[in-house]
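Values quoted throughout were computed directly from the atomic coordinates according to the rules given, and no laboratory measurement underlies them. Note that the coordinates shown come from a computational prediction; the quantities given were computed from them, not determined experimentally. Note that we place each Cβ from the backbone using ideal geometry, even for glycine, and neighbour counts take in every protein chain shown.
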Amino acid sequence: MQSTANANIATENSSKKVGPKDLKEFESGETMSKITNYHVVNFSEIPAVPCPCGTAKRGFAEVSAAPGTIHVTEITTDAKKHYHKKLTETYYFLECGPDAKMELDDDVIDVEPGMCVMIPPGVRHRAVGNMKILNIVYPKFDPEDEWFD
């Protein structure tokens, strides 16, 4: 269902009142920095950064009102087992091979596209295999909360 709400969009150059149909046309090189009442992120415009799993594009990290972040993460075969003391991560598997697995503490489970795994603080974890996930992180991701044994 498409929203018909209007929003104020502040850009580097101007502020405009737009509706949902205008958002597509708004890609004229101006950068959206704020949308009143809601926020939009385009993951194709977010640079990937290294992480213990591979590379991550972290959405809503700069939105102060956001309670968490959402990441599109490309996991590589050399993902490192790690844990978080404060963060809960929820992995939604978008793409993965038939032999994809998750190590969760001492357990190893098979995973496939469409599955979702919630990983509370303290659980040592790593994905095994090449895959692409959507990672919902609460509270907001903090790189200082990545721990290794």
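Near E112, within a Cβ-to-Cβ distance under 12 Å, what is the net charge of the other residues, with Lys and Arg +1 and Asp and Glu -1? Residues near E112 contribute -2 overall. Counting other Cβ atoms within 10 Å as a rough exposure proxy, the listed residues V40, V128 run V40, V128 from fewest neighbours to most. Phi-derived couplings, Karplus 6.51 cos²θ - 1.76 cosθ + 1.60 at θ = phi - 60°, listed residue by residue for the stretch 71-88: 10, 9, 10, 9, 9, 10, 5, 9, 4, 9, 5, 8, 8, 10, 8, 10, 8, 9 Hz, with x used for Gly and Pro. A simple rule links phi to the HN-Hα coupling: the Karplus curve 6.51 cos²θ - 1.76 cosθ + 1.60 with θ = phi - 60°, which for the stretch 52-59 gives x, 8, x, 9, 9, 10, 9, x Hz, with x for Gly and Pro. Taking amide H as placed 1.01 Å from N in the peptide plane, V128 has its amide H under 5 Å from the amide H of K101, M102, E103, each at least 5 places away in sequence or on another chain. The HN-Hα couplings worked out from phi for the stretch 122-132 by the Karplus form 6.51 cos²θ - 1.76 cosθ + 1.60 (θ = phi - 60°) are x, 7, 6, 8, 6, 8, 10, x, 7, 7, 10 Hz, whole numbers, x standing for Gly and Pro.
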